[in-house]
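S.K.: My structure is below; once you've seen it, I'll send some questions.
The values are calculated or read from the model by the stated rules, or taken from the named source; none is laboratory data. Predicted model, so just to flag it, every value in this text is computed and none were measured. Note: ideal-geometry Cβ built from the backbone for every residue, glycine included; neighbour counts use all protein chains shown.
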Amino acid sequence: MDKSTTIRILLLGKSGNGKSSLANTIFGETAFKVKNFNDLKTFVSEAKIKCINGRSITLIDTPGFFDQGRSEDEVKPELMRCITECAPGPHVFLIVFKVERYTEQEQAVTNEILQYFSDDALKYAVVVFTHGDQLPEGMKIEQYVSQSEGLRGLVKKCGDRCHVFDCKYWKNTEQEDNYRSNQFQVAELLVTIDKMLMKNTGEFYTNAVLSEVEREIQEEAQRIRLSSKTTSEEEIRELAKINILKKQMKGATLWIKGSVVAVTGLFAAVSAWVISSRVGQTSTVVALPNQEILDQGFREIAESVVKAEEAIVPLIVKAGEEVGQTTVSVTDVAETGAWVIFEALTALYERTYDPYNLFV
């Protein structure tokens with residue numbers, strides 16, 4: 001593999017497993033913010049580049065895609081950003097676990113990773129354990145892995161590649177036991193990665209989605225390149241990624257808009273329900289007319305309206321005043337309120353859009 005090629009390393013695992021601390025340990029500096037519980041709801045994928053031992057390495061830290069209770073709709077936007085950051089594909093997956101009992105929950109995380117990226121991803125994967133202070137004295141991580149059938153099977157599928165770190169207690173490089181030193185483990189991890197890259201002939205993991213995103217990034221980069229002769233290639237690619245991500249998210253918004261056009265009556269029912277519950281006006285639609293026909297997509301639209309009440313409710317009230325009524329009917333909402341709500345949502349989205357912090 002060409003030494004000038006940047007190695008893209010994607011960290012995956014549950015929230016709280018120590019991905020950000022591990023990334024800082026690999027870089028030898030505080031490049032990534034270590035999140036607390038309050039940060040987890042707004043945490044988005046983050047990419048940093050550093051030269052280590054003459055090699056350019058990009059670490060991509062990710063939120064807990066695979067946390068229990070996270071819906072697919074919550075995961076999709078952030079997964080989109082993650083894919084944009086690591087396109088055309090990662091050279092290395094670091095699958096991060098704590099040194100603790102390997103339960104069905106941890107197995108479920110592994111299964112979800114493979115659902116998103118396929119079994120082929122394990123050819124590019126290293127299993128990394130954090131909280132190494134929990135490792136029994138004198139035991140190495142390979143011995144620990146051998147005690148669990150689930151872990152043993154996963155590590156075997158990853159080419160028997162595994163390492164252990166402790167970001168709290170193993171910082172001192174003057175350890176009596178070199179094995180329990182983060183400096184030693186980082187050096188060993190980089191050796192493992194180099195061996196894996198050689199085995200994979202320098203290739204990176206990719207799939208149809210990653211390839212398509214990379215194609216779009218390159219096309220956008222060419223457009224930027226032609227319009228700006230002074231922008232560096234690094235800046236051009238970053239701008240291209242931001243623009244593509246914004247385009248993808250707007251595409252999702254337009255899809256919702258198309259759905260509203262197709263079923264204005266149903267959307268009106270949802271709108272009237274929101275108006276009656278948030279504004280306090282009486283409505284001919286006190287409850288949703290038919291629970292069975294209200295699909296999950298429109299329930300989420302209603303919830304979005306409620307969350308954005310400060311921007312939207314005044315506009316809804318104004319819409320009611322414009323039709324000269326204190327009672328809001330389904331027809332009224334269909335004609336005025338539905339599009340007022342949607343346009344308000346769109347305006348709110350465009351004003352607050354931040355590609356590094358989607359849907360806060």
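S.K.: Can you find a residue that is under 17 Å from the mean Cα position of the chain (by Cα), under 15 Å from L10 (Cβ atoms) and at pLDDT 90 or above anywhere in segment 47-57?
M.R.: Looking through segment 47-57, at least one residue is under 17 Å from the mean Cα position of the chain (by Cα), under 15 Å from L10 (Cβ atoms) and at pLDDT 90 or above.
S.K.: Hey, another quick one. Check segment 102-121 and report whether any residue there is of a type in the set (F, W, Y), closer than 20 Å to A208 by Cα, in the same structural domain as G202 (by TED's automatic domain parsing) and touching a residue at least 24 places away in the same chain (Cβ under 8 Å). So that I can check it myself, show each step before the final result.
M.R.: Step one: list which residues in segment 102-121 are of a type in the set (F, W, Y), which gives 102, 116-117.
Those left that are additionally closer than 20 Å to A208 by Cα: 116-117.
Checking the rest, the ones that are also in the same structural domain as G202 (by TED's automatic domain parsing) come to 116-117.
Filter once more, keeping what is touching a residue at least 24 places away in the same chain (Cβ under 8 Å): 116-117.
Taking every residue of segment 102-121 in turn, at least one turns out to be of a type in the set (F, W, Y), closer than 20 Å to A208 by Cα, in the same structural domain as G202 (by TED's automatic domain parsing) and touching a residue at least 24 places away in the same chain (Cβ under 8 Å).
S.K.: Sticking with this one: Quick one: count up the residues across segment 167-222 that are closer than 16 Å to A125 by Cβ and in a loop (DSSP other than H, G, I, E, B).
M.R.: Residues meeting the conditions: 6.
S.K.: Of the residues in segment 6-24, how many are at pLDDT below 95 and more than 22 Å from I113 (Cα to Cα)?
M.R.: Residues that pass the stated criteria total 1.
S.K.: Follow-up question, since we're still on this one. Contact list please: Cβ distance under 7 Å, first residue in segment 1-26 and on the phi > 0 side of the Ramachandran plot, second residue at pLDDT below 90, pairs at least six apart or on different chains.
M.R.: Between residues of segment 1-26 that are on the phi > 0 side of the Ramachandran plot and residues that are at pLDDT below 90, the close pairs are G13/V109; G18/C167.
S.K.: Further question: Given the conditions (1) without any contact (Cβ under 8 Å) to a residue 12 or more places away in the chain; (2) farther than 20 Å from A87 by Cα; (3) not small (G, A, S), which single one is not true for L189?
M.R.: With (1) without any contact (Cβ under 8 Å) to a residue 12 or more places away in the chain; (2) farther than 20 Å from A87 by Cα; (3) not small (G, A, S) applied to L189, the lone miss is (1).
S.K.: Suppose the filter is of a type outside the set (G, A, S), surrounded by fewer than 13 Cβ atoms within 10 Å (Cβ to Cβ) and under 18 Å from G64 (Cα atoms); does T110 pass it?
M.R.: No; evaluated as a whole, the condition is false for this residue.
S.K.: (1) farther than 17 Å from C167 by Cα; (2) in a loop (DSSP other than H, G, I, E, B): which one isn't true of I60, the others all being true?
M.R.: (2)
S.K.: Would you mind stating whether L245 is surrounded by 16 or more Cβ atoms within 10 Å (Cβ to Cβ) and either modelled with pLDDT of 95 or more or touching a strand residue (DSSP E or B) at 6+ places or on another chain (Cβ under 6 Å) (or both)?
M.R.: No.
S.K.: Out of the residues in segment 86-109 that are closer than 30 Å to K246 by Cα and in a helix (DSSP H, G or I), which is modelled with the highest pLDDT?
M.R.: The residue in question is C86.
S.K.: Please tell me if I83 is β-branched (V, I, T) and in a strand (DSSP E or B).
M.R.: Here the answer is no, as I83 does not meet what is asked.
S.K.: Please indicate, with yes or no, whether at least one residue in segment 202-213 is over 23 Å from E112 (Cβ atoms) and either surrounded by 12 or more Cβ atoms within 10 Å (Cβ to Cβ) or without any contact (Cβ under 8 Å) to a residue 24 or more places away in the chain (or both).
M.R.: yes
S.K.: For the structure I just gave you, tell me whether L10 is under 29 Å from P136 (Cα atoms) and outside any loop (DSSP other than H, G, I, E, B).
M.R.: Numbers: under 29 Å from P136 (Cα atoms): yes; outside any loop (DSSP other than H, G, I, E, B): yes.
Answer is yes for this residue.
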